[in-house]
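The block underneath contains the structure these notes are about, expressed in structure tokens.
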Amino acid sequence: MSTQHSPLQPAIRECAEAVAAIASGIRGEQLQDRTPCEKFTVAELVDHLGSTLRSAALAARKEAQPGDGAVPAVSPRALADSAGLAAAAWSDPAAYEGTTEFGLGELPAALAASITLQELALHGWDLARATGQPFGVSDETGRVALGVVEQIAEQVRGNGGYGPAVPVPGDAPAFQRALGASGRNPGWNG
């Protein structure tokens, strides 16, 4: 068993803390606002991200995913809780080993962690922009997020999860380049 943490672990923790803070700042009147992720309103994105993070925590602990039963809507408070649970689950070095069930099937646990990071980072930024809150990450977390997004961008784009890449200057901060690679405009203002 590995005794070292993946470089994803501190980035997941940092983004989870940011998402929890953003979720705590969402006001009821903002729930129907648009987000940079065109598929979702704020409420829909809170629900999507909260559900994904619950699944991510199960994946990190190598626990079975719930069946196709109805899942209750996620509130901003529940999203904050889910972010913390996901970060705690991915803090265990064993979480990154082997395979796990996540999403539509079994995949390498390290890939599940990468998906968790990109969900936290990109959708955290989406929620922050949509609700007028800051979303800042360290340079290191920005670099890790960029590496993840670049690694999975074409596959996710092919599945409709990312839009066409948005040009971002090569000397822009790594996180802004990650946003552009995922099809987001770093200057989005509603």
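The values are calculated or read from the model by the stated rules, or taken from the named source; none is laboratory data. What you see is a predicted model; the values in this text were computed from it and never measured. Note: ideal-geometry Cβ built from the backbone for every residue, glycine included; neighbour counts use all protein chains shown. Note: areas computed on protein heavy atoms with side chains; ligands, DNA, RNA excluded. Shrake-Rupley method; radii C 1.70, N 1.55, O 1.52, S 1.80 Å.
With all protein chains kept in place, the per residue accessible area of the chain amounts to 48 square angstrom at a probe of 1.4 angstrom. Taking amide hydrogens as placed 1.01 Å from N in the peptide plane, the amide H of T99 sits under 5 Å from those of A109, each at least 5 positions away in sequence or on another chain. First check a/c for the range 53-190, with a ≥ b ≥ c the square roots of the eigenvalues of its C-alpha gyration tensor; if it is under 1.5, answer rounded, and if not, answer prolate when a/b is larger than b/c or oblate otherwise. Cα axes put the range 53-190 in the prolate bin. Listed values for the range 184-189 are Karplus-derived 3J(HN,Hα) couplings in whole Hz (6.51 cos²θ - 1.76 cosθ + 1.60, θ = phi - 60°), namely 9, 8, x, x, 4, 9, and x replaces Gly and Pro. Taken over the range 40-125, the percentage of Cα pairs per 5 Å bin, counting from 0 up to the bin with the maximum distance, is 3, 16, 27, 25, 18, 8, 2, 0. Peptides 154-162, 109-117 ranked from most to least packed, by the mean per-residue count of other Cβ atoms within 10 Å: 109-117, 154-162. Eigenvalues of the alpha-carbon gyration tensor of the range 112-190, scaled by 5 and square-rooted, set the equivalent ellipsoid semi-axes at 17, 14, 13 angstrom, largest first. The phi torsions of the range 56-66, fed into the Karplus equation with coefficients 6.51, -1.76 and 1.60 and a -60° offset, translate into couplings of 5, 5, 4, 4, 5, 8, 6, 9, 5, 6, x Hz, rounded to whole numbers, with Gly and Pro shown as x. Overall, the accessible surface of the chain at a probe of 1.4 angstrom is composed of carbon and sulfur to the extent of 53 percent.
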